[in-house]
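My questions all concern the structure below.
The values are calculated or read from the model by the stated rules, or taken from the named source; none is laboratory data. Since the model is a prediction, treat every value here as computed from it, not as a measurement. Quick reminder, even Gly has a Cβ in these numbers, built from the backbone with ideal geometry, and neighbours come from all protein chains shown.
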Amino acid sequence: MNAEPSPFSSFPGRPGNSLLREWTGPMTADLVRSPGAFGLGQVPARLKPDAVTTAVCGFCSTGCGLKLHLQNGEAVNVTPDPDYPVNLGMACPKGWEVLAPLDASDRVTTPLLRNPNSGKLEPVSWEMAMETFVARMRDIQERHGAHSIAFLSTGQMCTEEMALLGSVFKFGMGGLHGDSNTRQCMATAHVAYKQSFGFDSPPYTYADFEESDVLVFVGANPCIAHPIMWQRVLRNPHHPEILVLDPRRTETAVNATLHLPLAPKSDLTLLYGIAAALIARGAVKHDFVQAHTQGFEEFAAFVTPFTPERACAAANLDRAVFDRAVEVIARGRRVSFWWTMGVNQSHESTRTAQALINIALMTGNIGRPGTGANSITGQCNAMGSRLYANATSLLGGRDFTKPEHRARVAADLGVEPSNIPDQQSWAYDQIIDGIDRGDIRGLWVIATNSAHSWIDAGRLDALMGKLDFLVVQDLYATTDTAKRAHLILPAAGWGEKEGTLINSERRIGRVKKVRRAPGQALSDFAIFRLVAAAWGCGPMFAEWSSPEATFQVLKRLSAGQPCDITGIRDYAHLDRAGGIQWPWSSAAGVGVEPATERRLFADGIFPMPDGRARFLFDPPRPVSEPTDDAFPFVLLTGRGTSAQWHTNTRTSKSEVLRRLYPAEAYVELNPEDARRLGISPHSKVTVSTRRGRLEVNAFVTPTVNPGHLFLPMHYDGVNRLTAASFDPHSRQPSYKHCAAALARV
Ligand SMILES: Nc1nc2c(c(=O)[nH]1)N[C@H]1C(S)=C(S)[C@@H](COP(=O)(O)OP(=O)(O)OC[C@H]3O[C@@H](n4cnc5c(=O)[nH]c(N)nc54)[C@H](O)[C@@H]3O)O[C@H]1N2
Ligand SMILES: Nc1nc2c(c(=O)[nH]1)N[C@H]1C(S)=C(S)[C@@H](COP(=O)(O)OP(=O)(O)OC[C@H]3O[C@@H](n4cnc5c(=O)[nH]c(N)nc54)[C@H](O)[C@@H]3O)O[C@H]1N2
Ligand code: SF4
Ligand SMILES: [Mo]
């Protein structure tokens with residue numbers, strides 16, 4: 001491997017090394033002892049809890065508060081927290097079952113190294129794992145350059161962990177390219193907000209769900225994907241109008257007052273048409289536009305040709321439905337616009353998100369209760385990864401390319417400015433193209449299952465064979481990605497570690513160690529510390545000694561940024577306050593406590609140098625793969641049930657959740673298409689595209705329109721069908737459009 005003395009020789013990883021002792025280390029210390037206060041009825045004696053603590057859920061970005069019922073310090077049960085401001089005592093099935101994935105029989109409990117002779121993964125010690133990691137990555141760097149190694153990370157670990165990973169990799173290991181699954185998910189919202197507002201700032205608070213008189217959901221299915229946010233909508237006392245723009249008649253669309261079943265990827269044209277019609281109706285709040293925005297006149301001129309006829313033709317909508325939508329938005333006093341993956345995952349997603357932002361700005365629906373252009377995030381810590389992962393943005397929402405930003409971070413961290421890269425990382429797709437060209441030879445994948453979730457996964461699968469060294473850090477060695485690894489690092493999961501997550505409304509909440517990780521699995525935080533020590537850059541991160549110490553480092557880095565959190569004292573403060581939304585600056589003054597629900601831009605001032613939000617727009621573009629005679633269907637993908645999470649590595653481990661979703665993959669198709677093709681319900685069909693084919697069960701339902709197919713993303717092979725196409729600004733994949741064919745088996 002390496003002819004030089006092992007870099008490991010200076011590694012303090014001998015028996016007794018504190019870094020390696022974590023699996024026997026203490027559990028969350030600040031447990032509230034309240035025996036018998038749970039009202040749980042008859043709990044088996046074996047599981048009788050003796051204490052309770054709280055944490056936020058580790059699945060979706062709603063960030064529900066959970067009560068963890070403990071026996072001898074270990075969580076034995078979970079109930080929703082009635083006192084947490086997010087969920088007010090509610091939880092979805094995944095929240096109730098959040099402990100189940102930890103007990104799975106296929107948890108990986110030691111590092112595993114592939115034996116080059118047998119080709120098998122074999123258990124090794126952490127010392128051996130770290131020695132191999134450092135030697136192989138260093139060797140690749142020596143032969144192919146410092147930037148020939150890369151990481152792909154996640155929106156599903158704690159902020160402290162993400163920040164440590166990005167910092168160790170970029171400041172300590174000399175790497176440049178690192179991105180995460182947040183690219184698949186929130187890159188569009190990040191770029192859209194940054195360009196329009198000056199900073200990646202979702203403006204809302206969940207109270208807005210209850211305070212709107214009009215809610216417009218675009219490409220979002222909260223009934224399935226964010227069920228507790230939807231519960232907040234149901235608590236709205238104002239009998240709100242609910243508009244849903246979705247090609248499918250989703251569970252959310254069924255509950256709307258008006259469903260716009262628009263043609264896939266016609267959003268941009270339709271939203272420009274709606275904007276033009278609102279302007280024509282005189283629905284513009286000129287005072288607000290004049291005082292707080294820039295570029296409205298150009299925008300108004302640009303959208304003028306988007307007549308109702310043109311918008312309805314592009315979106316295949318009835319004129320009456322279009323007119324009604326315009327009227328409802330124009331008349332609304334508190335209109336909120338919510339979007340999720342139907343917008344973010346498109347070939348022109350950034351401009352589509354900004355089309356919504358433009359409508360909110362011009363109608364003055366921002367900064368007031370019940371308003372906003374509101375991107376709903378997906379993963380439990382998507383927001384943390386946007387601000388603090390040090391992957392594509394420099395720590396604290398800064399830019400790697402700005403010398404003053406690098407200088408500030410260098411000073412705050414006490415590292416040499418020259419240690420901070422002065423270039424942007426490649427985006428996820430560019431890292432993968434780099435593997436194809438041979439520019440990326442070593443890849444470290446953390447808490448994401450790329451082999452299943454990346455677009456055009458067949459290509460990625462082939463390219464993984466080109467890597468000299470693939471490291472996968474996960475809870476399980478059984479994921480599609482882990483099966484390809486040369487080295488597997490066993491990670492502790494949610495509930496087995498400490499740290500914080502940031503939810504959709506910018507609320508920072510705590511995760512606690514209420515379970516011991518199995519075997520020698522370590523928290524991601526501890527693994528990154530081990531890597532730093534083994535690499536020889538440990539001293540650079542001396543101050544990052546624990547998650548809570550790291551939180552203090554991140555506070556310092558946030559000072560003066562729009563995401564300032566210097567006013568949050570420590571973890572205990574988060575507990576006491578029921579989570580705290582950013583920003584919360586120390587400038588508020590000693591003893592001043594943050595209000596429970598806070599929205600941004602109440603003063604109309606945006607984080608631009610001139611304080612004004614921008615109207616941004618571009619002409620709509622054609623999709624990359626239109627349908628044709630051979631592939632006549634549009635293939636849509638997304639979430640199938642509230643019990644399935646992404647690639648199903650975690651949710652499939654719960655017996656309860658398994659009963660709540662179909663065991664076998666299925667495709668939703670319209671009865672008309674089924675009749676035409678002679679497909680009977682529940683029969684086997686193949687869905688094929690130019691890239692692959694998949695055999696699934698037919699689920700015949702009028703909720704999808706004729707000519708459309710919907711595949712839930714949770715089953716193997718879905719992304720072998722999808723076509724790699726990206727938004728040019730955010731480089732987010734367009735998962736929800738490609739041409740497909742359907743046939744009986
Ligand atoms: N149960 C469960 N919940 C989850 C997740 C999960 O895996 N399972 N994942 C979490 C994550 S990371 C995310 S990002 C969110 C995603 O949450 P959502 O975005 O709400 O979920 P999706 O089903 O991916 O997509 C939403 C809708 O977009 C529609 N759509 C497709 N194409 C178009 C289009 O061209 N225009 C419009 N307007 N709509 C279109 C689809 O029909 C779909 O109903 O969910 C989070 N919550
Ligand atoms: N066709 C299609 N594809 C899609 C989408 C779509 O709508 N359609 N949506 C996209 C979106 S929005 C997203 S967010 C992605 C999600 O895609 P992925 O991130 O690939 O999906 P997950 O199944 O959540 O993978 C997370 C992995 O991390 C592991 N893990 C969980 N917790 C921890 C932890 O604490 N530490 C470590 N080290 N590992 C952990 C899990 O076991 C799992 O293997 O999928 C994208 N792919
Ligand atoms: S809605 Fe999201 S955060 Fe709340 S319990 Fe369900 S998965 Fe967890
Ligand atoms: Mo996502």
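Taking the range 154-187 on its own, how many of its residues are crowded, with 24+ Cβ neighbours inside 10 Å and either within 16 Å of ligand 1 (Cβ to nearest atom) or among the basic types (Lys, Arg) (or both)?
Final tally of qualifying residues: 14.
Something else about it: Pick out the one residue from 396, 370 that is assigned to a loop (DSSP other than H, G, I, E, B) and within 30 Å of residue 179 (Cβ to Cβ).
Values: 370 fails: within 30 Å of residue 179 (Cβ to Cβ).
Within the list 396, 370, the selection yields 396.
Just one of 663, 740, 643 is part of a loop (DSSP other than H, G, I, E, B) and surrounded by 19 or more Cβ atoms within 10 Å (Cβ to Cβ); which is it?
On the way: 663 fails: surrounded by 19 or more Cβ atoms within 10 Å (Cβ to Cβ); 740 fails: part of a loop (DSSP other than H, G, I, E, B).
Matching residue, one of 663, 740, 643: 643.
Does at least one position in the range 136-158 carry a residue that is within 16 Å of ligand 4 (Cβ to nearest atom), in a helix (DSSP H, G or I) and hydrophobic (A, V, I, L, M, F, W, C)? Give the derivation first.
Going through the range 136-158, the residues within 16 Å of ligand 4 (Cβ to nearest atom) turn out to be 152-157.
Now restrict to residues that are in a helix (DSSP H, G or I): none.
Taking every residue of the range 136-158 in turn, none turns out to be within 16 Å of ligand 4 (Cβ to nearest atom), in a helix (DSSP H, G or I) and hydrophobic (A, V, I, L, M, F, W, C).
Collect the residues in the range 178-234 that are more than 16 Å from ligand 4 (Cβ to nearest atom) and of a type in the set (Ser, Thr, Tyr), keeping them in residue-number order.
Passing the criteria: 193, 196, 201, 204, 205, 206, 212.
Would you mind stating whether residue 309 is away from ligand 2 (no atom under 16 Å from the Cβ), more than 33 Å from the chain's Cα centre (by Cα) and closer than 22 Å to residue 622 by Cα?
So residue 309 fits the description; yes.
Which residue out of 267, 208 is surrounded by 22 or more Cβ atoms within 10 Å (Cβ to Cβ), in contact (Cβ under 8 Å) with a residue 24 or more places away in the chain, within 12 Å of ligand 1 (Cβ to nearest atom) and within 19 Å of residue 356 (Cβ to Cβ)?
267
Filter the range 663-680 down to residues that are under 22 Å from residue 735 (Cα atoms) and in contact with a Phe, Trp or Tyr (Cβ under 9 Å, 6 or more places away or on another chain), then give me how many there are.
Filtering the range 663-680 for residues under 22 Å from residue 735 (Cα atoms) gives 664-670.
From what's left, in contact with a Phe, Trp or Tyr (Cβ under 9 Å, 6 or more places away or on another chain): 664-669.
Looking only at that region, the number is 6.
Just to verify a result, which residue in the range 72-97, among those that are out of contact with any Leu (no Cβ under 8 Å at 6 or more places or on another chain) and over 24 Å from residue 209 (Cα atoms), is surrounded by the most Cβ atoms within 10 Å (Cβ to Cβ)?
Top of the filtered list is 74.
Condition check ((1) at pLDDT below 95; (2) within 26 Å of the chain's Cα centre (by Cα); (3) within 16 Å of ligand 1 (Cβ to nearest atom); (4) more than 29 Å from residue 376 (Cα to Cα)) across all residues:
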| position | (1), (2), (3), (4) |
| --- | --- |
| 63 | no, yes, yes, no |
| 84 | no, yes, no, no |
| 90 | no, yes, yes, no |
| 97 | no, yes, yes, no |
| 107 | no, yes, no, yes |
| 115 | no, no, no, yes |
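Here's another thing I want to ask about it. Show the residue pairs meeting these rules: Cβ distance below 8 Å; 6+ apart or different chains; first residue within the range 714-740 and within 16 Å of ligand 3 (Cβ to nearest atom); second residue hydrophobic (A, V, I, L, M, F, W, C).
Cβ pairs passing all conditions: 714/645.
Pull out all pairs, ordered by first then second residue, where Cβ-Cβ is under 6 Å, the residues are six or more apart or on different chains, the first lies in the range 82-99 and is within 23 Å of residue 594 (Cα to Cα), and the second is within 16 Å of ligand 2 (Cβ to nearest atom).
As it stands, the answer is 86/63, since those pairs meet every condition given.
Residue under question is residue 274, and the condition is that it be away from ligand 2 (no atom under 16 Å from the Cβ), under 26 Å from residue 601 (Cβ atoms), surrounded by 20 or more Cβ atoms within 10 Å (Cβ to Cβ) and more than 26 Å from the chain's Cα centre (by Cα); does it hold?
So residue 274 passes the test.
Residue-by-condition table, conditions (1) hydroxyl-bearing (Ser, Thr, Tyr); (2) out of contact with any strand residue (DSSP E or B) (no Cβ under 7 Å at 6 or more places or on another chain); (3) surrounded by 15 or more Cβ atoms within 10 Å (Cβ to Cβ):
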site: 545; (1), (2), (3): yes, yes, no
site: 554; (1), (2), (3): no, yes, yes
site: 572; (1), (2), (3): no, yes, no
site: 586; (1), (2), (3): yes, yes, yes
site: 597; (1), (2), (3): no, yes, yes
site: 601; (1), (2), (3): no, yes, yes
site: 622; (1), (2), (3): no, yes, no
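Output the residues belonging to the range 483-494 that are under 21 Å from residue 169 (Cβ atoms) and either within 16 Å of ligand 1 (Cβ to nearest atom) or surrounded by 24 or more Cβ atoms within 10 Å (Cβ to Cβ) (or both).
Here is the first cut: in the range 483-494, the residues under 21 Å from residue 169 (Cβ atoms) are 484-492.
Within the range 483-494, 485, 488, 489, 490, 491, 492 qualify.
Still on this structure, I have one more. Any idea which of 497, 512 is more than 16 Å from ligand 3 (Cβ to nearest atom), within 23 Å of residue 96 (Cβ to Cβ) and buried (at least 24 other Cβ atoms within 10 Å of the Cβ)?
Just one listed residue meets the conditions, 497.
Out of (1) assigned to a loop (DSSP other than H, G, I, E, B); (2) modelled with pLDDT of 95 or more; (3) charged (D, E, K, R), what's the single condition that is false for residue 30?
Every listed condition holds for residue 30 apart from (2).
Something else: Could you tell me which numbered condition residue 410 fails, if it satisfies all but one of (1) closer than 19 Å to residue 159 by Cα; (2) touching a Pro at 6+ places or on another chain (Cβ under 8 Å); (3) away from ligand 3 (no atom under 16 Å from the Cβ)?
Residue 410 satisfies every listed condition except (1).
Sticking with this one: Among 363, 350, 371, 340, which is surrounded by fewer than 24 Cβ atoms within 10 Å (Cβ to Cβ), of a type in the set (Ser, Thr, Tyr) and modelled with pLDDT of 95 or more?
On the way: 350 fails: surrounded by fewer than 24 Cβ atoms within 10 Å (Cβ to Cβ); 371 fails: surrounded by fewer than 24 Cβ atoms within 10 Å (Cβ to Cβ); 340 fails: surrounded by fewer than 24 Cβ atoms within 10 Å (Cβ to Cβ).
After applying the criteria, what remains is 363.
Yes/no matrix, rows are residues, columns are (1) at pLDDT 95 or above; (2) touching a strand residue (DSSP E or B) at 6+ places or on another chain (Cβ under 9 Å); (3) buried (at least 20 other Cβ atoms within 10 Å of the Cβ); (4) not in a helix (DSSP H, G or I):
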{"site": "409", "(1), (2), (3), (4)": "yes, yes, yes, no"}
{"site": "418", "(1), (2), (3), (4)": "yes, no, no, no"}
{"site": "425", "(1), (2), (3), (4)": "yes, yes, yes, yes"}
{"site": "433", "(1), (2), (3), (4)": "yes, no, no, no"}
{"site": "445", "(1), (2), (3), (4)": "yes, yes, yes, yes"}
{"site": "448", "(1), (2), (3), (4)": "yes, yes, yes, yes"}
{"site": "455", "(1), (2), (3), (4)": "yes, yes, yes, yes"}
{"site": "470", "(1), (2), (3), (4)": "yes, yes, yes, yes"}
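Quick one: in the range 426-456, which of the residues that are of a type in the set (Gly, Ala, Ser) and over 19 Å from the mean Cα position of the chain (by Cα) is nearest to residue 721 (Cα to Cα)?
Looking only at the range 426-456, we keep the residues that are of a type in the set (Gly, Ala, Ser), and these are 427, 434, 438, 442, 447, 450-451, 453.
Okay, now just the ones that are also over 19 Å from the mean Cα position of the chain (by Cα), so 434, 438, 442.
Values: 434: 22, 438: 25, 442: 26 Å.
Per the criteria, the residue is 434.
Out of 729, 708, which single residue is outside the structural domain of residue 263 (by TED's automatic domain parsing) and under 30 Å from residue 430 (Cβ atoms)?
Matching residue, one of 729, 708: 729.
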